[in-house]
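All of the numbers you see were taken from the coordinates with simple rules; none came from a lab. What you are looking at is a predicted structure, and each value in this text was computed from that prediction instead of being measured. Neighbour counts run over all protein chains shown; Cβ positions are idealised from the backbone, glycine included.
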Amino acid sequence: MEKKVRVRFAPSPTGGLHLGGVRTVLYNYLFARQNNGDFIVRIEDTDQSRFVAGAEEYILDTLAWCGLEPDESIKHGGGFGPYRQSERKETYKKYADALVQKGYAYYAFDTPEELDAMRSRLRTDENASPQYDHSVRMQMRNSLTLDKQETERLLSTIPYVVRIKMPEGETVSFTDMIRGEVIFDTAVVDDKVLLKADGMPTYHLAVVVDDYLMQITHAFRGEEWLPSAPVHILLWKYLFGLEAMPQWAHLPLILGPNGKLSKRDGAKYGFPVFAMNWKDPRTDEVTEGFKERGFLPEAFINMLAMLGWNDGTEQELFSLEELVQKFSIEKVHKGGAKFDFEKAKWFNHEWIKKLPASNYKEAVKSIFESRGLSIQDDTYFAKVLELVKDRCTLLPDFWEHSFFFFRQPREYNTDAIKIKWNIDKKTFFESFTKAMASINSWSAASLEALFQQLATQAEIKAGELQLPLRIMLVGGKFGPPVFHIAEVLGKEETIDRIEDALLAFESM
Ligand code: GLU
């Protein structure tokens, strides 16, 4: 029987989620959905010194905002828990011991001072940071150099680590789903620590043991993990057999204006790099997120999907459902994908236009509320957003394009109409309001027809009257087509605004 597809996103809870991390989530999620598989989030918190409070919740909240809910996680539960590695601590030691028993790993007792001494002894111009590897292991204090009795004694008296014994002259290879055949020379890899002195595994051991125990079939992760792959492959070979190993895919880096996109690039160039705002609890420093900048999750996801992938056609706009249908991990590009903020904004603009405004009305509402405007009538609000959405790129843009629907103008910018304003025009608007009061159908088209008809009767060019009308309704030379504004404002408000403006224009 075919194994059920199971993929995982395995973040370390060390801070906000970089857009590259969300792209890794997305590709995992798409692959799981298209194969009727499971998508698991596993918290890799074995490095307790890097643990940051709040990061786990932030990661899960981010996935919820993106609509990429896991099937199993610390929040969603599941049959393969616990999903936090620190709670699985006891699991790992037996695998580390088994590796030592089989001769693939060893106990090392070197103190930090001894390690420093080794490094300064071996440091040369060509080798600036000497590693603990096959060339030095036999000069160090470990179970390979000490006899059995001494090893036993030290194991029960002083702190120790378990290190992998990297073979010297072997090559390790695997087939990456994106890169094809990848080959490593084991001699260049150091004897990585697998189990630390505090009894916690390192990432290398934990990732292999957990991928095995959680029956992961495919492991997609960032390219920065490629150098660690030979260690993981050997661990698979030694512990569980290569047949059980997941298929790997190492995703290309996301590039900023100069090399790998970093949080610092965001600050420097003024664009978000994190998915949502992240407040570092240690410094209270806030790093801006795409969400708070005014991105829709649909656009964010779509933009991320295209950073390193396309379906071979010109199509750029994809919904999540469409991505599930069309995405293919084999078509992900090998080379780094360049992040372009202008393009990201283009995606957002397209999605604002494409979706019904009711989809993002709540998000816009809270932006308006933060500017001191509370929305009373939801239906009216949605109508306004629908009318102006084509002009908005980011959600906060809705403010400048629609605030005047909620506030009658207090001032009128009449510079453009001042000189030509006269009594005939005033009379025209008086008759227009009177006629409006008695019409039954209230629509942009019927208002425009009425306006035209009255203008013809008054022998004034309708074009000359439209700008004054606009200024009466919104206060200045801005906004969507004027009869649409009136349609949305409604009869009573439109008439009110014109009457108030006519009064104000007395002193023009
Ligand atoms: N814990 C690793 C990280 O923080 C996960 C790497 C992997 O997926 O194997 O990115």
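Remarks
- Check on E87, crowded, with 16+ Cβ neighbours inside 10 Å and within 16 Å of the ligand (Cβ to nearest atom): no
- First in the stretch 67-85 and under 17 Å from V7 (Cβ atoms), second anywhere and among the polar types (S, T, N, Q) and part of a strand (DSSP E or B), Cβ under 7 Å, 6 or more apart: Y83/S73
- Looking across the stretch 136-155, the residues that are touching a helix residue (DSSP H, G or I) at 6+ places or on another chain (Cβ under 8 Å) and more than 16 Å from A197 (Cα to Cα) come down to V136, Q139, M140, L144, T145, L146.
- Hey, T46 touching a residue at least 60 places away in the same chain (Cβ under 8 Å) and more than 20 Å from the chain's Cα centre (by Cα) or not: yes
- Subset of the stretch 224-266 (residues that are within 12 Å of the ligand (Cβ to nearest atom), closer than 20 Å to K331 by Cα and crowded, with 19+ Cβ neighbours inside 10 Å): P246, W248, A249, H250, L251
- Which numbered condition R470 misses (of (1) under 12 Å from T414 (Cβ atoms); (2) charged (D, E, K, R); (3) in contact (Cβ under 8 Å) with a residue 24 or more places away in the chain): (3)
- Reported count of residues in the stretch 168-202, each being outside any loop (DSSP other than H, G, I, E, B), buried (at least 21 other Cβ atoms within 10 Å of the Cβ) and not aliphatic (A, V, I, L, M), is 1.
- Residue in the stretch 25-39 that is outside any helix (DSSP H, G or I), touching a Pro at 6+ places or on another chain (Cβ under 6 Å), within 16 Å of the ligand (Cβ to nearest atom) and without any contact (Cβ under 8 Å) to a residue 40 or more places away in the chain present: yes
- Against the list (1) within 16 Å of the ligand (Cβ to nearest atom); (2) crowded, with 17+ Cβ neighbours inside 10 Å; (3) more than 22 Å from M303 (Cα to Cα), the condition S49 fails is (2).
- Residue match in the stretch 91-109 (condition: in contact with a strand residue (DSSP E or B) (Cβ under 7 Å, 6 or more places away or on another chain) and within 14 Å of the ligand (Cβ to nearest atom)): no
- Number of positions in the stretch 247-259 that are free of Cβ contacts under 8 Å to residues at least 40 places away in the same chain and either part of a loop (DSSP other than H, G, I, E, B) or within 29 Å of D211 (Cα to Cα) (or both): 2
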